[in-house]
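Reading through the structure tokens given below for one structure.
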Amino acid sequence: MYTSFYTAAQGVVAQQKRMDVVANNMANINNYGYKSKNATFFELMHYNLNNAHGEDTTIQAGAGTVLTRTNTDFSPNGIHKTESPYDFALTGPGFFMLKNPNNNEITYTRNGRFSLSQRGANFFLVNDKGNYVLDQSGQPIQVVGGNLNAQIGVYRFNVLDGMRSVGDNEFQPTAKNGNPILDANAEIVDHALEASGVDLAQEMSQVIESQRAYSYAMRMVQTSDEIVGTINNLRQ
């Protein structure tokens with residue numbers, strides 16, 4: 001009886017976390033270069049029920065589900081033309097490489113909304129957070145007379161699964177992703193930005209699914225609680 005209660009409770013928690021992922025996607029529907037995420041669930045271990053003699057039977061009891069991770073869809077999306085000469089969009093796979101000027105941390109992004117930042121007597125191409133945009137040699141790009149002094153570097157990874165999101169549309173590779181590979185032939189479109197990868201219709205369908213699953217799990221929690229309460233009253 002308690003197993004049904006905790007299994008249902010796990011379902012409630014899992015659907016709440018799934019809704020958090022969907023809500024985050026919908027909040028970024030107008031965020032250029034945003035890549036939508038989806039929740040991945042893992043079924044918790046089942047165990048065999050034993051008969052009166054302690055032997056295994058063909059009947060199993062489940063222990064619910066749990067959210068294990070969120071996957072990111074890095075598929076390229078549509079492009080919007082802009083008026084800014086420092087907006088760039090990638091038409092194929094790959095990332096822009098960024099460098100934090102304070103701690104030299106390297107991150108990667110698909111959001112090509114860049115601008116100028118004056119550092120001393122020089123102007124550099126930076127993103128909204130002030131991180132340097134790096135060229136094909138991994139060096140910060142200077143802007144002289146309105147022109148870039150080097151070509152923007154585009155880097156890709158053989159394995160994208162497991163890229164760690166660090167916020168603001170930036171990612172860092174993990175060990176399984178390997179080292180970044182320079183894509184010298186990548187197509188970069190200026191005066192343009194990549195659209196958000198969020199599909200509103202798909203997100204709304206997931207909202208409906210999660211709401212129904214949440215409702216059924218809550219009903220199971222309430223029913224299990226009522227049964228346990230009834231049994232306890234009968235024992236008195």
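The values are calculated or read from the model by the stated rules, or taken from the named source; none is laboratory data. This structure is a prediction, so every number in the text was calculated from the model and none was measured. Using ideal geometry, Cβ is built from the backbone for each residue, glycine included, and neighbour counts are taken over all protein chains shown. For the accessible areas, the whole protein counts, side chains as well, though only heavy atoms, and no ligand, DNA or RNA atoms are used. Shrake-Rupley method; radii C 1.70, N 1.55, O 1.52, S 1.80 Å.
Anything in the range 157-173 that is without any contact (Cβ under 8 Å) to a residue 24 or more places away in the chain and surrounded by 13 or more Cβ atoms within 10 Å (Cβ to Cβ)? List them, or say none.
162
The set of residues from the range 100-156 being closer than 25 Å to residue 80 by Cα, open to solvent by less than 60 Å² (accessible area, probe 1.4 Å) and in contact (Cβ under 8 Å) with a residue 60 or more places away in the chain comprises 107, 108, 109, 110, 111, 112, 146, 152, 154, 155. With the requirement that a residue be at negative phi and either among the small types (Gly, Ala, Ser) or at pLDDT below 95 (or both), what does the range 91-100 give you? Those that are at negative phi and either among the small types (Gly, Ala, Ser) or at pLDDT below 95 (or both): 91, 92, 93.
Please find, within the range 117-173, the residue that is nearest to residue 32 (Cα to Cα) out of those that are among the β-branched types (Val, Ile, Thr) and in a loop (DSSP other than H, G, I, E, B).
Filtering first and then ranking leaves 141.
Number of residues in the range 177-222 that are under 21 Å from the mean Cα position of the chain (by Cα) and under 23 Å from residue 99 (Cβ atoms) equals 6. Among the residues of the range 174-221, those identified as in a loop (DSSP other than H, G, I, E, B), open to solvent by less than 50 Å² (accessible area, probe 1.4 Å) and aliphatic (A, V, I, L, M) are 186, 195, 198.
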